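Peer 1: Have a look at this one before I ask anything.
The values are calculated or read from the model by the stated rules, or taken from the named source; none is laboratory data. Small disclaimer: the values here were computed from a predicted structure and weren't measured. Cβ placement follows ideal geometry from the backbone for every residue including glycine, while neighbour counts extend to all protein chains displayed.
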Amino acid sequence: MDIVSYRRALAGISGVHVTAYAQDGGINADLTSRIVRRIAQAGVHNIVSGGNTGEFFSMTYDEVLQLQAIAIEAASGKSVVTAAAGRSVKEASATAIAAKRAGADGVMVHHPLDPFAAPGSQADYFIAIAEASELPLVAYLRSDAIPVADLVRVATHPNVAGVKFATTNLMLFSECVRATQGTEAVWICGLAESWAAPFYALGARGFTSGLVNIDPQRSLAVWHALEAGDYARARTLVAKIAGFEQMRTKFNNGANVTVVKEALALRGDAVGPVRLPGLPALDAADRSRLQDILNGWEADAAAAA
């Protein structure tokens, strides 16, 4: 896929699928495939395999490659598939090369987590991998420390298809958008549906989602509202998922993946616990609260039918 076509997919929803585990702790390929297939069949534009919702940082390199092969096969061309990469430059570059070989359409590079990373060098990290990759790259930004000039270097690199902006610093975001006006730079809301409206208002296109694992139609409804410029409808739709997304922020976002996996389990998909250092499971009170949220969504769907 050429970078222009890939950018069009990034302007949609980038749905990050979960990783289902078997009882022995390894990847449950069959269940993971079914989840990816549901997301693709729902019409989600871009499926990200090995993102944070997929527990990238708890996986070995071989597991990352296995997971991405599962997702590419399960999507069956119905959605664009983006393979996640990260950690060292060497490993991320090797992952990008493997993703190309496996049939992925692009690669998303996680923000470097090295505690001694220099701000400008973090930009150099993304660029080094972009230059090693034959696939167009999405840079996953999770830091406010990188200067605007360096972020512009990343966003305007010829092999960078977009920047997934995943900090709440809207002032920095607006500065980045202004600094890249007139270029091919694409800025994506990396903080899911709840933050998509203010990001769109400042120039973002597309957003990420973990909700698609549970209810892709709700995510698509938000996207359609934003694409139409109907911010009032988008706010109403986001209000319906606010309780779910707030639960995910508990424990300094330690419950982010847990809430999604527990919701799948409550719907009948035995996806297994979240690997450490994420929160493995919800307590009884939070699980009950989550069930109430899901029941409310089901009531809404029944009323609309």
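Peer 1: Considering only residues of segment 58-78 that are polar (S, T, N, Q) and within 17 Å of the chain's Cα centre (by Cα), which is nearest to PHE207 (Cα to Cα)?
Peer 2: Here is the first cut: in segment 58-78, the residues polar (S, T, N, Q) are 58, 60, 66, 68, 76.
With the extra rule that they be within 17 Å of the chain's Cα centre (by Cα), the set shrinks to 58, 68.
Values: SER58: 24, GLN68: 21 Å.
It comes out as GLN68.
Peer 1: Could you list all residues from segment 267-286 that are surrounded by fewer than 16 Cβ atoms within 10 Å (Cβ to Cβ) and part of a helix (DSSP H, G or I)?
Peer 2: Once the filter is applied, which keeps residues that are surrounded by fewer than 16 Cβ atoms within 10 Å (Cβ to Cβ) and part of a helix (DSSP H, G or I), segment 267-286 yields ALA284, ALA285.
Peer 1: In segment 104-156, which residues are over 26 Å from LEU170 (Cα atoms) and loosely packed, with under 14 Cβ neighbours inside 10 Å? Even if it seems obvious, please write down each step before you answer.
Peer 2: First pass over segment 104-156, keeping only residues over 26 Å from LEU170 (Cα atoms): 104-106, 128-129, 131-135.
Passing the criteria: GLU131, GLU134.
Peer 1: Under 9 Å between Cβ atoms, at least 6 apart or on separate chains: pull out the pairs that start in segment 32-45 with a residue that is under 17 Å from ALA192 (Cβ atoms) and end on any residue that is of a type in the set (Val, Ile, Thr) and at pLDDT 95 or above.
Peer 2: ILE39/ILE47; ILE39/VAL212; ALA42/VAL212; VAL44/ILE13; VAL44/VAL212; HIS45/ILE13; HIS45/VAL80
Peer 1: Do the conditions hold for ALA22, that is, is it touching a residue at least 24 places away in the same chain (Cβ under 8 Å), crowded, with 17+ Cβ neighbours inside 10 Å and of a type outside the set (S, T, N, Q)?
Peer 2: On the way: touching a residue at least 24 places away in the same chain (Cβ under 8 Å): yes; crowded, with 17+ Cβ neighbours inside 10 Å: no; of a type outside the set (S, T, N, Q): yes.
No.
Peer 1: Grab the helices (runs of 4 or more DSSP H) fully contained in segment 194-258, keeping just those with 3 or more residues being surrounded by fewer than 20 Cβ atoms within 10 Å (Cβ to Cβ), without any contact (Cβ under 8 Å) to a residue 24 or more places away in the chain and out of contact with any Cys (no Cβ under 7 Å at 6 or more places or on another chain).
Peer 2: Numbers: elements: 216-227, 231-248, 250-253.
In segment 194-258, the matching helices (runs of 4 or more DSSP H) lie at 216-227, 231-248.
Peer 1: Quick one: which of VAL16, VAL4 is free of Cβ contacts under 8 Å to residues at least 12 places away in the same chain and either of a type outside the set (Ser, Thr, Tyr) or out of contact with any Pro (no Cβ under 9 Å at 6 or more places or on another chain) (or both)? Steps first, please.
Peer 2: Numbers: VAL16 fails: free of Cβ contacts under 8 Å to residues at least 12 places away in the same chain.
Answer to the selection: VAL4.
Peer 1: Let me ask something else. Considering segment 1-31 alone, what residues qualify as being under 16 Å from the mean Cα position of the chain (by Cα) and more than 21 Å from GLU227 (Cβ to Cβ)?
Peer 2: Selection gives HIS17, VAL18, THR19.
Peer 1: Of the residues that sit in segment 44-103 and are closer than 23 Å to ARG218 by Cα and among the aliphatic types (A, V, I, L, M), which one is surrounded by the fewest Cβ atoms within 10 Å (Cβ to Cβ)?
Peer 2: Within segment 44-103, the match that is surrounded by the fewest Cβ atoms within 10 Å (Cβ to Cβ) is VAL80.
Peer 1: Another question about this same structure. Out of all the residues in segment 1-47, which are within 17 Å of ALA161 (Cα to Cα) and of a type in the set (Ser, Thr, Tyr)? Before you say what the answer is, go through the steps one by one.
Peer 2: Within segment 1-47, the subset within 17 Å of ALA161 (Cα to Cα) is 1-15, 45-47.
Result: SER5, TYR6, SER14.
A quick yes/no check of all residues on (1) at pLDDT 95 or above; (2) basic (Lys, Arg); (3) out of contact with any Cys (no Cβ under 9 Å at 6 or more places or on another chain); (4) closer than 29 Å to GLU262 by Cβ:
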{"position": "GLN122", "(1), (2), (3), (4)": "yes, no, yes, no"}
{"position": "TYR125", "(1), (2), (3), (4)": "yes, no, yes, no"}
{"position": "ALA128", "(1), (2), (3), (4)": "yes, no, yes, no"}
{"position": "VAL163", "(1), (2), (3), (4)": "yes, no, no, no"}
{"position": "LEU170", "(1), (2), (3), (4)": "yes, no, yes, no"}
{"position": "ALA192", "(1), (2), (3), (4)": "yes, no, yes, yes"}
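Peer 1: Quick check: anything in segment 163-172 more than 16 Å from ALA123 (Cβ to Cβ), without any contact (Cβ under 8 Å) to a residue 60 or more places away in the chain and surrounded by 23 or more Cβ atoms within 10 Å (Cβ to Cβ)?
Peer 2: Within segment 163-172, not a single residue is more than 16 Å from ALA123 (Cβ to Cβ), without any contact (Cβ under 8 Å) to a residue 60 or more places away in the chain and surrounded by 23 or more Cβ atoms within 10 Å (Cβ to Cβ).
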